[in-house]
Amino acid sequence: MGEMIPPAAPVIGEAEIEAAVRVLRSGNVVQGPEVAAFEAEFSQWVDGRHCVAVNSGTSALQLSLMALGIGPPDEVIVPAFSFAATANVVRLVGATPVFADIDPLTYCLSPDAVAAAITPRTVAIVPVHLYGHPAAMHELRTIAAGHGLAVVEDACQAHGATLHGRPVGAFGVASCFSFYPTKNMHALEGGMICTPDPDLARTLRLLRNQGMEQRYANEIVGANLRMTDVEAAVGRVQLGRLGEGNARRQANAKTLDALISRVATPYVADGAGHVYHQYTVRIDGDREAARAHLAARRVGSAVYYPTPIHRLRPFAGPRRWDLPETERAAAEVLSLPVHPSLTESELARISEAVNEL
Ligand SMILES: *Cc1c(COP(=O)(O)O)cnc(C)c1O
């Protein structure tokens with residue numbers, strides 16, 4: 001029947017190992033030439049924006065909010081159907097996350113729900129390009145412009161995704177990527193902030209390094225959120241394969257779309273270049289039974305995310321949220337393997353197992 005097909009398969013191959021060893025032998029390991037080169041190369045994926053590397057996607061989001069001066073008593077609109085980091089960072093800077101519902105087809109923020117969530121305290125919107133599908137950036141930017149709000153993209157799952165030909169990460173005043181091993185590309189750990197604003201880029205560079213540009217000439221209060229050169233060297237290898245990996249994910253999704261008949265296959269909005277960080281379907285019956293059936297057929301699966309953020313303990317306050325599409329998605333979604341290393345026979349096995357449900 002074959003080996004278990006894992007839901008994700010991060011690659012640490014010979015090229016990554018050689019890159020890491022090369023940096024270790026150089027002795028220049030912290031935020032040196034590799035980080036600068038990684039930033040310059042990543043910039044080509046976000047329409048030439050300024051890129052600032054940090055130690056994680058979460059740090060990228062947190063630093064973006066800090067650099068924009070967001071704190072108490074500000075409100076920031078986020079989806080509750082995301083990884084907790086999206087809302088954690090709002091709380092980490094002392095602001096208040098306000099949860100808006102999602103579009104049931106794309107799983108990304110619903111522009112109507114965002115418009116309805118705006119209050120006099122709202123200062124920013126953080127759209128998440130969930131599963132690698134771009135959020136409705138044109139509508140969200142129009143709403144933001146009408147109310148003077150900042151848009152900070154959470155592109156941690158969407159390296160290389162596009163909307164009407166424009167890359168995600170090139171829409172907001174700041175946009176954030178993660179290089180955690182399971183993402184479409186990794187750097188062991190790491191994150192990137194992209195911005196068209198050179199002043200904001202400079203503030204971000206200060207904030208990630210104790211507020212210093214020149215050593216011991218501290219200009220502002222900052223943290224240490226630097227990326228290492230080992231990570232940047234691994235990230236450069238992975239970035240070199242991002243286009244190829246995304247094309248494989250898209251080809252795999254196309255094969256699954258054609259073979260799966262038992263459930264609706266993932267929706268792709270008009271003009272969206274989906275990069276399938278996840279290939280996610282809905283199970284209308286018993287999801288745990290479906291997962292057990294897939295596992296018996298040696299097909300791994302995963303649920304992103306079983307508990308929406310507003311129901312997680314740190315966010316479960318007295319306020320009642322009306323998020324019906326978020327609740328329904330959390331109860332129904334199931335992600336199937338779509339990663340670049342899948343073979344044709346594995347794709348057939350995944351589809352057959354799903355069609356037996
Ligand atoms: C992975 C992820 C993050 C956080 O990235 P880290 O590098 O793990 O800190 C934030 N938001 C979303 C949507 C993510 O998937």
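Listed here are the residues, each with its yes/no results for (1) at pLDDT 95 or above; (2) assigned to a loop (DSSP other than H, G, I, E, B); (3) under 30 Å from ARG282 (Cα atoms); (4) not assigned by TED's automatic domain parsing to the domain that holds HIS133.
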{"position": "ARG205", "(1), (2), (3), (4)": "yes, no, no, no"}
{"position": "GLU213", "(1), (2), (3), (4)": "no, yes, no, no"}
{"position": "GLU219", "(1), (2), (3), (4)": "yes, yes, no, no"}
{"position": "GLY222", "(1), (2), (3), (4)": "yes, yes, no, no"}
{"position": "GLU231", "(1), (2), (3), (4)": "yes, no, no, no"}
{"position": "ALA253", "(1), (2), (3), (4)": "yes, no, yes, yes"}
{"position": "ALA258", "(1), (2), (3), (4)": "yes, no, yes, yes"}
{"position": "THR265", "(1), (2), (3), (4)": "yes, yes, yes, yes"}
{"position": "ALA269", "(1), (2), (3), (4)": "yes, yes, yes, yes"}
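For the stretch 195-239, give me each residue that is within 18 Å of VAL30 (Cβ to Cβ) and of a type in the set (A, V, I, L, M).
LEU204, LEU206, LEU207, MET212, ALA223, LEU225, MET227, VAL230, ALA232, ALA233, VAL234
Any residue at all in the stretch 285-296 that's within 21 Å of the chain's Cα centre (by Cα) and in contact (Cβ under 8 Å) with a residue 40 or more places away in the chain?
Looking for residues that are within 21 Å of the chain's Cα centre (by Cα) and in contact (Cβ under 8 Å) with a residue 40 or more places away in the chain, one finds none in the stretch 285-296, hence no.
Name the single residue that is surrounded by the most Cβ atoms within 10 Å (Cβ to Cβ) among those in the stretch 89-132 being in a strand (DSSP E or B) and within 16 Å of the ligand (Cβ to nearest atom).
Result: LEU109.
Scanning for something of a type in the set (Gly, Ala, Ser), assigned to a loop (DSSP other than H, G, I, E, B) and buried (at least 22 other Cβ atoms within 10 Å of the Cβ), does the stretch 65-83 turn up at least one residue?
Yes: the stretch 65-83 contains one or more residues that are of a type in the set (Gly, Ala, Ser), assigned to a loop (DSSP other than H, G, I, E, B) and buried (at least 22 other Cβ atoms within 10 Å of the Cβ).
TYR216: more than 16 Å from the ligand (Cβ to nearest atom) and aromatic (Phe, Trp, Tyr), yes or no?
Yes: the conditions hold for TYR216.
Select from the stretch 309-357 the residues that are under 21 Å from the mean Cα position of the chain (by Cα) and of a type in the set (Asp, Glu) and list them in ascending order.
Passing the criteria: GLU325, GLU327, GLU332.
Regarding THR182, is this residue surrounded by fewer than 24 Cβ atoms within 10 Å (Cβ to Cβ), among the polar types (S, T, N, Q), in contact (Cβ under 8 Å) with a residue 40 or more places away in the chain and within 12 Å of the ligand (Cβ to nearest atom)?
Judged against the criteria, THR182 is a match.
The values are calculated or read from the model by the stated rules, or taken from the named source; none is laboratory data. It should be emphasised that the depicted structure is a prediction, and the values quoted were computed from it without experimental measurement. Because the Cβ atoms are built from the backbone with ideal geometry, glycine has one as well, and the counts that use them run over all protein chains shown.
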